[in-house]
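Asks: I'd like to ask you about the structure that follows.
The values are calculated or read from the model by the stated rules, or taken from the named source; none is laboratory data. These numbers were taken from a predicted model, which means no experiment stands behind them. For neighbour counting, all protein chains shown are included, and Cβ atoms are generated from backbone atoms with ideal geometry for every residue, glycine included. Ligands, DNA and RNA are stripped out before the accessible areas are found, and what is left, the full protein with its side chains, is counted by its heavy atoms. Shrake-Rupley method; radii C 1.70, N 1.55, O 1.52, S 1.80 Å.
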Number of protein chains: 2
Amino acid sequence: MPARPTPPAAPPPLTEPVEDYLKAIYELETRSGAAATSDVAQALRVAPASVTGMIRRLATQGLLDHVPYRGVQLTDLGRRAALRTIRRHRILETYLTQVLGYAWDRVHDEAERLEHAASDDLIERMSAALGHPTADPHGAPIPTADGRVDERTHRTIADLAVGETVRMLRVSDKDPELLRYLAGIALQPGVEITLLSRAPFDGPLTLRVADGEPVVGSTLAAQVLIEPLPARNAQRAVTPTGDRNTTTDARPRSARKSAR
Amino acid sequence: MPARPTPPAAPPPLTEPVEDYLKAIYELETRSGAAATSDVAQALRVAPASVTGMIRRLATQGLLDHVPYRGVQLTDLGRRAALRTIRRHRILETYLTQVLGYAWDRVHDEAERLEHAASDDLIERMSAALGHPTADPHGAPIPTADGRVDERTHRTIADLAVGETVRMLRVSDKDPELLRYLAGIALQPGVEITLLSRAPFDGPLTLRVADGEPVVGSTLAAQVLIEPLPARNAQRAVTPTGDRNTTTDARPRSARKSAR
DNA sequence: GCCAATATTTAGTCTCGCCTAAAGATTGAG
DNA sequence: CTCAATCTTTAGGCGAGACTAAATATTGGC
Ligand SMILES: [Mn+2]
Ligand SMILES: [Mn+2]
Ligand SMILES: [Mn+2]
Ligand SMILES: [Mn+2]
């Protein structure tokens, strides 16, 4: 294609379905390395054939590359669009819990719709009102306005050694039931967790969290992301070097208020 | 049509275009008595033929009655839907100005999109956070959750007699330029206005508002709605009887904060 | 290395909202 | 009363997004 002579190429704004596709593809790509047609279909509760159709359109718009039967990969353009929507989603979730008193299991659906309707101005005003938070109520990192985000992977409670103490970092916001249950046993981003014991044969784990000792199954345990406690005395200066993150984020993320 | 045997008739949620059509038709109906195809088309910036098509669909859904070539009238169902959207719009506008610091000329477009995405729960939380306001930043009355609203018509500055003092009530939120200009001369809902003089042949009007004496043309004057000052001493108890309004609204509407 | 199970794409439709062009209805001026 | 100007509706199309059913590609088990 030839060079573009007129600067105002006027990128037509992305539609709501397009934004949701890009977001889903981004999350599958970072989580599992690649985004298969059927995975996207499942994530968006749509027929696989619909995904194929949408993917072709997105490819012609330069938002992703598609090798038929092989999978899909976001272009820079597509990734930026995805991160913009994710930023909106997470700022909205944070605002709804912190300012408007939403329970943390109710914000996802609301943000899923508002993320497409709110202007950049509104999102930045909310972010400012919150003091520019770096994580949402579920502990998910909030991308910056210029599209940077902490993409490191993390251990889960299932990976803990008996006796180990860590800080809860994050949990998926997709399952309200799980979120309500976690809130009931005081598991929320920021709390300290110690693994007291682990039953054999993939059995339940007994934790210490706050002043309770909940017993959780391994399925739940694998869904709760953790981070090490900040080094209490020893090797302070040894910050990991290959850190892709740009938000100079030494502080323990999520000094969130309770999600009620 | 036969009786409905199964209670959960599951009314499919209205789409964004449908909500905007109903809102526009409602406003044309109350403002000018009827809603002509071309008026709706103009209000929504859409071709007249598109309006005819949409109207047919809305009629089959029982949201309005349509007599071809004669015009359109909302059913109770349609009117309730319109008022619900209008309530959302006005609460959102109020929240954006009061809580998030929006200028009053910027809220309309934002609310025009958010009104379709926000849940009832969110709207009611915003309303509660504002202390359940009864008017939006432009002085427009906010319908109640059960669909009641003050539909009285009002005089404008153009109707003032020289020397008369009244309170500004309301102005349309559709023209940001006008809103910015009004803010510049301190004309906002709630302020007292006195007509000092009126030039002949539909000429400019000199007002006293706050401590300024703006001179405005008759076009502008006709767009600014006013209400009488609360009776200072005399006939207190003589409230108008045929009042359709249900919100027991004796207070001067719009004790709004400044729209910045 | 083949072949059946699985994943993906193609083919063919559908509904919603919008458009333009053309036809039909209404109305007001004379 | 008539007819031209002004609505309004009809006819025909289009793109976005979804679906089902049918074809095709990939892959893993043997
Ligand atoms: Mn969404
Ligand atoms: Mn979240
Ligand atoms: Mn709208
Ligand atoms: Mn308004």
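Asks: Take every Cα-Cα pair in segment A:85-201 and report what % of them are more than 20 Å apart. Mind showing how you got there, number by number?
Replies: Numbers: 3134 of 6786 pairs.
Tail of P(r) above 20 Å: 46 percent of Cα pairs.
Asks: Once fully extended, how much extra length lies between B:Thr52 and B:Asp146, figured as 0.36 nm per residue of separation less the alpha-carbon to alpha-carbon distance? Don't skip to the end; give the middle numbers.
Replies: Working: separation 94, 0.36 × 94 = 33.84 nm, distance 2.96 nm.
Computed gain between B:Thr52 and B:Asp146 is 30.9 nm.
Asks: Something else about it: What is the spread of the Cα atoms of the protein assembly as shown along each of their three principal axes, largest first, in whole Å?
Replies: 90, 64, 52
Asks: Another question, if that's okay. Between B:Glu27 and A:Ala34, what is the FRET efficiency for a Förster distance of 56 Å, r being their Cβ-Cβ separation, to the nearest 0.05? Could you put the intermediate results ahead of the total?
Replies: Details: r = 50 Å, r/R0 = 0.90.
Efficiency at R0 = 56 Å is approximately 0.65.
Asks: How many Å³ per residue does the convex hull of the Cα positions in segment B:1-151 occupy? Provide the component values of the computation, followed by the final result.
Replies: Working: hull volume 18.7 nm³, N = 151.
With only Cα atoms used, segment B:1-151 gives 124 Å³ per residue.
Asks: Compute for chains B and A the buried accessible surface, both sides summed, probe 1.4 Å, and express it in Å² to the nearest 100.
Replies: For chain B against chain A, roughly 1400 Å² becomes buried.
Asks: Take peptide B:114-126, look around each residue's Cβ out to 10 angstrom, count Cβ atoms belonging to other protein chains, and average those counts.
Replies: On the way: counts 6, 1, 3, 10, 4, 5, 0, 5, 8, 0, 0, 5, 2.
Taking all residues of B:114-126 together, the mean is 4.
Asks: Divide the volume of the convex hull of the Cα atoms of segment A:175-214 by its number of residues and quote the answer in cubic angstrom per residue.
Replies: Once divided by residue count, the hull of segment A:175-214 is 74 Å³.
Asks: Now for a separate question. Using a 1.4 Å probe over the heavy atoms of the protein chains, calculate the carbon and sulfur portion of the accessible area of segment A:67-221 as a whole percent. Walk me through the numbers before you get to the answer.
Replies: Values: 3510 of 6940 Å².
Ligands and nucleic acids excluded, carbon and sulfur give 51 percent.
Asks: Which FRET efficiency, nearest 0.05, do B:Val99 and A:Arg70 yield, Cβ-Cβ r, R0 51 Å?
Replies: 0.55
Asks: Rg/Rh for segment B:65-152: what does it come to with C-alpha atoms and Rh from Kirkwood? Please list the in-between numbers first.
Replies: Numbers: Rg = 14.2 Å, Rh = 13.7 Å.
On the Cα set of segment B:65-152, Rg over Rh gives 1.04.
Asks: Could you calculate the contour length gain from A:Ala129 to A:Thr194, that is, 0.36 nm times the residue separation minus the distance between their Cα atoms, to one decimal place in nm?
Replies: On the way: separation 65, 0.36 × 65 = 23.40 nm, distance 3.43 nm.
So the chain would gain 20.0 nm between A:Ala129 and A:Thr194.
Asks: Using only DSSP helix segments of four residues or longer, with each worth -39500 (n - 2.57), what per-residue ellipticity at 222 nm results for the protein assembly as shown after dividing by its residue count and rounding to 500?
Replies: Here the helix-only value at 222 nm equals -11500 deg cm²/dmol.
Asks: Would you calculate the convex hull of the Cα atoms in segment B:157-227 and tell me its volume per residue in Å³?
Replies: 73 Å³
Asks: Could you identify which residue out of B:His66, B:His116, B:His138 has the top mean-square fluctuation in a GNM of chain B using Cα springs shorter than 10 Å?
Replies: Maximum fluctuation in the GNM of chain B, among the listed residues, is at B:His66.
Asks: Moving to a separate point now. Let me have the relative contact order for segment B:1-151, percent, based on Cα pairs under 8 Å that are six or more residues apart. Intermediate values should be presented prior to the final figure.
Replies: Values: 155 pairs, mean separation 29.9, N = 151.
For segment B:1-151, the relative contact order is 20 percent.
Asks: Hey, rough spin-label estimate for A:Ser172 and B:Phe201, points 7 angstrom out along Cα→Cβ, what's it come to in nanometres?
Replies: Here the answer is 7.6 nm between the modelled labels.
Asks: Given springs between every Cα pair under 10 Å in a Gaussian network model of chain B, which of B:Thr60, B:Thr206, B:Thr194 has the largest fluctuation?
Replies: B:Thr60
Asks: A:Leu169's amide H: which non-local residues (gap 5+, or another chain) put their own amide H closer than 5 Å, with H modeled 1.01 Å from N in plane and none for Pro or chain starts?
Replies: Under 5 Å from the amide H of A:Leu169: A:Gly190, A:Leu225, A:Ile226, A:Glu227.
Asks: Heavy-atom accessible area per residue, segment A:1-156, 1.4 Å probe: how many Å²?
Replies: On the way: 8070 Å² over 156 residues.
Value for segment A:1-156: 52 Å² per residue.
Asks: Here is a follow-up. Where does chain A land on the Kirkwood hydrodynamic radius, alpha-carbon pairs, in angstrom?
Replies: In chain A this quantity evaluates to 20.1 Å.
Asks: On to the next question. Which stretch or stretches of segment B:191-223 have amide N atoms under 11 Å from the point lying 7 Å from B:Arg155's Cα along the Cα→Cβ direction?
Replies: Counting backbone N atoms under 11 Å from the label point, the list is B:195.
Asks: Right, another one. Between A:Pro133, A:Pro68, A:Pro214, which gets the highest mean-square fluctuation from a Gaussian network model of chain A, Cα cutoff 10 Å?
Replies: Of the options given, A:Pro68 has the highest mean-square fluctuation.
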